[in-house]
Amino acid sequence: MIPTNWDTHLKKYLIYSKQEQRILTLEGLYKYIGDDLHKLKLGIPRNDSDIDHPIKSSDVKWVEFDINYNIPLHHKIITMQISTYKLHPKSTTTFIIEEYDNATNDFYFESDKALDNYSLLEDIDSFLLILK
């Protein structure tokens, strides 16, 4: 859980913020990329190699499944506010917070470094201290 006033703590680390519309359906997630409506499915690979690690890595990704021209009849359109933070511009670690309906929906770190990389762990620790 992050504090409700997280945005004041992280303001100076903001790299960019954007709004993104997502279309939720029983068939998957739909999202406009450019002018094309893409159908995305959740790809969940099985990986138990880091089961005992205190930080859990995830290879879960939304995978582009198809380009569609129709939105399913039963759907819900939501607008997400996505804010991306870095401790410094050259950092390979980003902290991302997704908001929906003025509430934090999800937050996570992204990096191309391995979980045991010292600078990744240091960046995560720094963000957590800022939010404490």
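Bear in mind these aren't lab numbers, they're just calculated from the coordinates by the rules spelled out. This one's a predicted model, so the numbers in the text were calculated from it and none came from an experiment. Note that each Cβ is placed from the backbone with ideal geometry, even for glycine, and that neighbours are counted across all protein chains shown.
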message: Which one, ALA103, LEU37, LEU129, is farthest towards the positive end of the dipole of the chain when Lys and Arg carry +1 and Asp and Glu -1 on their Cβ?
response: ALA103
query: Given springs between every Cα pair under 10 Å in a Gaussian network model of the chain, which of ILE33, ILE23, ILE77 has the largest fluctuation?
result: ILE33
message: Between 0 and 90 degrees, rounded to the nearest ten: what's the tilt of helix 118-131 against the longest Cα principal axis of the chain?
response: 80
- request: Please build a GNM for the chain, connecting alpha carbons under 10 Å apart, and tell me which residue among ASP35, ASP112, ASP101 fluctuates the most.
  value: ASP35
statement: Most fluctuating of THR93, THR84, THR25 in the GNM of the chain (C-alpha, under 10 Å) is THR25
